[in-house]
Each structure stands twice: as C-alpha cells, then as structure tokens.
Amino acid sequence: MRSFRIGSAFGIPIKLDLTFLLVLPLFAYLIGSQISLTAELLNDLMAAGIEAGAITGGLTPWILGFTAAVGLFVGIVLHELGHSFVAMRYGYPIDSITLWIFGGIAALSEMPEDWKQEFTIAIAGPIVSVIVGLGCYGLFTGVLFLDPVETYPVVTFGSLFVLGYLSILNVVLAIFNLLPAFPMDGGRILRAFLARNRPYARATEIAAEVGKFFAVLLGLFGLFPPTNVIMIGVAFFIYIAASSEAKRVTMKAALEGVAVSDVMTPAERLHTVSPDTTVDELIRMMFSQRHTGYPVMSNGRPIGIVTLDDARDVQPVERDAFTVEDVMTSELRTISPDADAMEAISTIQEEGIGRLLVVDDYGDVVGLVSRTDLMTALDVIRSSGTEAPTAQRELSG
Ligand SMILES: [Zn+2]
C-alpha cells in the first residue's frame, strides 16, 4: 500500500492511502448529485424541513457533497481513534491509522489474544461512531431550534443537510462495522466471544468461516440490480481478509514453540555448491538430488544462494560457459537457528523468497530452511494433532 502521512493525533501518525484520493472526490460527487433525494429522505426521517430548491443551485451541491464526504472521513478517523485509545490503554502501541478506499485501519503492532481485551478494543470503534452520530444530531437539532432560515437560507439548509446526513451515516457505519465478519469489528467481537471457552486459533477459524459466509451474502446482494460495485468490492475484501486472518492465526498456533532448528535441513545433510560450478553441472545436480536451491560456499563461508530459477535464466547452449557465481543471488537472507519458525515464514513471505540460510552467532552455516520445509512441518503438526514436535526439540537441543 502506498500511503503518505497527513498529520498525527495523540502521537499516532494518520496516513492517507493513494486509493483514498480516488474515493474522496467520488463520494463528494455521489452525495452532491443526489442532493434533492437525500434532502427528501432527511425531511421524512428527521423532519429537517429542508427546501431542496435552496441548495441545488450553482456550486452548492458540490460544496455540500465535499463537506459531507470530508465529515464522513473525520468520523472514520474518530472511530479508529476509539479503537486506538483502548488498545493503548492495554499497552498495545498503535503504528498508524490509515485511510484507504474502504475506510480506516488502525494498525496494532500486536494483536491481543485475551478475549476481554479484544472485545473492548473492537467495540470501542462502533461506540465512538454512535457518539459522533448523536453529536451531529445534537448540532442538527440546535440549528433547527435557532432556525436562522430567514437571514441565511443556504447556510441553514446546507448545515441541516450535512449534519443530518452525517448523523445517519455514522450510525450506519457503526452498524455496518458490527457485521460479524473479519476484518470488521463485529468479526473480532464474535471471535472474542468464541474464545471465551475455546483455543484462540479454533475461535478464529469459526469466526473466519462466519465472515466468509457474510462476504458471499454481501457479494450476492451487491450483484442484484442495481449492481453495487462498492458493496462487491467490500465483500471481496472481507473474504480475503477473513481467509488470511484464519491462516495466520492457525499457523501461529500450530508452530507455537517450534524453532527454526527443528524444521531446517541441518548442515550435515545440506548439499552445497562452489562458485565455479558450471550451470550445466548445477542443473544435473538438481535433477539427481531433486533440490531446487543450494547455498554457495567459498572457503567454508556462504557467499550466496543459487536456485533453479537462477539457472533457468541461462540459455541451454550457454550453460557450460556460465558458473554459479554468475547467476547466484549474493544478497543473503539469514535467520538464527533459535528464531521461531513463524518468524521464518513471515520473512520468507515478506521478502518473496524461497529459502533462508540458517546461521549461528559465529557466522557458521548450520542449515537451510525452505518454504517447503516449513509447510511440510505445518502439515505434519496439523495432521498428527501434535502440539509441537517435542521429541525432535530435545534432540536438536
Ligand atoms: Zn472499527
């Protein structure tokens, strides 16, 4: 996500994602172009008494649309600050609040696994939204009460429009966020309740299934005419987020207490190549040993990693002329044998690489851990139902 910082509130950086710059004018336009319709709705629902004719002339609809859109996003920032305040009170630092196409995200550096804390953090946002909605309604009744319509008709009807609109939208925002679907607050509240008498990972799995079900419902709802593209987008986003949250948490739970040294291929079983091995020889080795990645060693020190992809880049006729040194990746990503296996997975995913060299405190290569090693370990743990391979842990010390 490409985002830039626009300021900060209570020490938390507030960032705008580039997608947000598209959605703000779009919202302003949508609100501005439906101004008479919305004014009628406000008159019916809240007895606003807006004379639509007074606010549809010239630039007024666009100014009101823009003001309401900005007001909506201020409401979203306040909602995220609600989550952030409670999280900080429990001692979880907030990295940032980011506004993007689907609203706001408060990024916690660490997720609480205590159900009471998760519940309180999750509910705080919708509570703030309801309070903001009520605040707007308070101001709205204030304007109605003062009724300065004789002197400033455009300002009066305009304020009634924006305040009435925002009071409804903030309550809708609270309700929408209470949908029991990750990453909505309702999904977290559901998980918190499920985690009262279940392991956290199991609670997450159930909550994610419920979330995916709601995402499908929402998507189908959006497909019905008139087709609602934003709703389909939100449904898609919820589905992906629910799946990845479930995956992350179950992986973390399964690999609890498993170290890199438990799952790596140890140095004594590791095949290595020297930098002057030809690419042709390398490919023959890969074929006979069925490995697709080798550490490159020179004088007992690792100087790179060479993979099947690197070798494939060389044309078959040139494979005798090129050596491993010409094609290897010399930027080495290493990990300590004592690091958590989950940390290895995160690094491999973030860097988009296939394997990490395991290097001890003295700089000696003690093994290699690949994506396949980690996924196989995960499979074994899951299908055998073992919490962690303790026997192996004792062996590897
Ligand atoms: Zn929220």
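The values are calculated or read from the model by the stated rules, or taken from the named source; none is laboratory data. In this text the structure is predicted, and so the values were computed from the model without any measurement. Cβ coordinates were reconstructed from backbone atoms using ideal geometry, including for glycine residues, and neighbour counts include every protein chain displayed.
Here are some notes:
- Residue match in segment 147-163 (condition: over 29 Å from PHE214 (Cα atoms), touching a helix residue (DSSP H, G or I) at 6+ places or on another chain (Cβ under 7 Å) and either part of a loop (DSSP other than H, G, I, E, B) or within 16 Å of the ligand (Cβ to nearest atom) (or both)): yes
- Among residues of segment 257-279, those that are part of a helix (DSSP H, G or I) and touching a helix residue (DSSP H, G or I) at 6+ places or on another chain (Cβ under 9 Å), counted: 5
For (1) among the β-branched types (Val, Ile, Thr); (2) more than 30 Å from PRO112 (Cα to Cα); (3) loosely packed, with under 15 Cβ neighbours inside 10 Å; (4) within 35 Å of the chain's Cα centre (by Cα), each residue gets a yes or a no:
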| residue | (1), (2), (3), (4) |
| --- | --- |
| VAL249 | yes, no, no, yes |
| LYS252 | no, no, no, yes |
| VAL273 | yes, yes, no, no |
| ASP309 | no, yes, yes, yes |
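- Residues located in segment 106-132, provided they are in contact with a strand residue (DSSP E or B) (Cβ under 7 Å, 6 or more places away or on another chain) and either in contact (Cβ under 8 Å) with a residue 40 or more places away in the chain or within 13 Å of the ligand (Cβ to nearest atom) (or both): ALA106, ALA107, LEU108
- ASP338 vs. criteria among the acidic types (Asp, Glu) and either part of a strand (DSSP E or B) or surrounded by 15 or more Cβ atoms within 10 Å (Cβ to Cβ) (or both): no
- Number of positions in segment 182-196 that are at pLDDT below 90 and not in a helix (DSSP H, G or I): 4
- Taken together, GLY219, GLY158, GLY187, GLY164 contain a single residue that is within 30 Å of CYS136 (Cβ to Cβ) and surrounded by fewer than 24 Cβ atoms within 10 Å (Cβ to Cβ), which is GLY158.
- Yes/no for LEU134 being at pLDDT 95 or above, more than 25 Å from THR19 (Cβ to Cβ) and of a type outside the set (S, T, N, Q): yes
- Residues of segment 53-85 classified as within 11 Å of the ligand (Cβ to nearest atom) and more than 26 Å from THR38 (Cβ to Cβ), total: 4
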